1. Per residue of the range 49-60, what does 6.51 cos²θ - 1.76 cosθ + 1.60 with θ = phi - 60° give for ³J(HN,Hα)? Whole Hz please, x for Gly and Pro, Karplus curve as stated.
2. Leaving out ligands and nucleic acids, note down the accessible area per residue over the chain with a 1.4 angstrom probe, in whole Å².
3. Exceeding 18 Å between C-alpha atoms, which entries from my cross-link table qualify? They are K29/K70; K42/K66; K42/K70; K31/K69.
4. Report the label-to-label distance for S11 and K74 in nanometres (one decimal), using points 7 Å from each Cα along the Cα→Cβ vector.
5. Can you pull the one-decimal nm distance between simple spin-label points at Q19 and E38, each 7 Å off the Cα toward Cβ?
6. Give me the Debye-computed log₁₀ of I(q)/I(0) at q = 0.13, 0.14, 0.19, 0.25 Å⁻¹ for the chain, equal point scatterers on Cα only, no solvent, two decimals.
7. If one takes the longest principal axis of the Cα atoms in the chain, at what angle in degrees, from 0 to 90 and to the nearest 10, does the Cα axis of helix 17-30 lie?
8. Give, as ranges by residue number, the residues of the range 58-82 whose backbone N falls under 17 Å from the point 7 Å along Cα→Cβ of K29.
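The values are calculated or read from the model by the stated rules, or taken from the named source; none is laboratory data. Worth saying up front: this structure is predicted, and the values here are computed from it rather than measured. Don't worry about glycine lacking a Cβ; one is built from the backbone with ideal geometry, like all the others, and counts go over all protein chains shown. Calculation scope for accessible area: heavy atoms of the full protein, side chains included, ligands and nucleic acids excluded. Shrake-Rupley method; radii C 1.70, N 1.55, O 1.52, S 1.80 Å.
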Amino acid sequence: MVKVEICIGSSCHVKGAGQVLDIFRERIKEKNLGDKVELAGKFCIGKCTEGVCVTVDGELFSVDPKSAKKFFEKEVERRAGV
Ligand code: FES
């Protein structure tokens, strides 16, 4: 199980955390990854200037809604073994 956490703090929210979450959800549905990837929200982790902050198995990344799909393919699907 790959654990993906998205910051739901206000600064990341303004930068599109909701959109990033939607894109991840969509991708999980599309590729049927519900049993391989776990999505969760996370409170502000103090890296607001680098938002949208996303961690994948504890590793921190900065994700933009525009690059969210590519990011998911590269960092999450790879770890999930798809
Ligand atoms: S709001 Fe996301 S790191 Fe602070």
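1. For the range 49-60, the Karplus curve yields 5, 9, x, 6, 7, 10, 10, 10, 6, x, 8, 8 Hz.
2. Numbers: 4870 Å² over 82 residues.
Value for the chain: 59 Å² per residue.
3. On the way: K29/K70 16 Å; K42/K66 21 Å; K42/K70 21 Å; K31/K69 12 Å.
Going by Cα-Cα distance, K42/K66; K42/K70 fall outside the 18 Å limit.
4. If labels sit at S11 and K74, their model points lie 2.3 nm apart.
5. 2.9 nm
6. Scattering profile of the chain, log10 relative to I(0): -0.33, -0.38, -0.71, -1.22.
7. Result, in degrees: 0.
8. Residues 69 qualify, since their backbone N sits under 17 Å from the label point.
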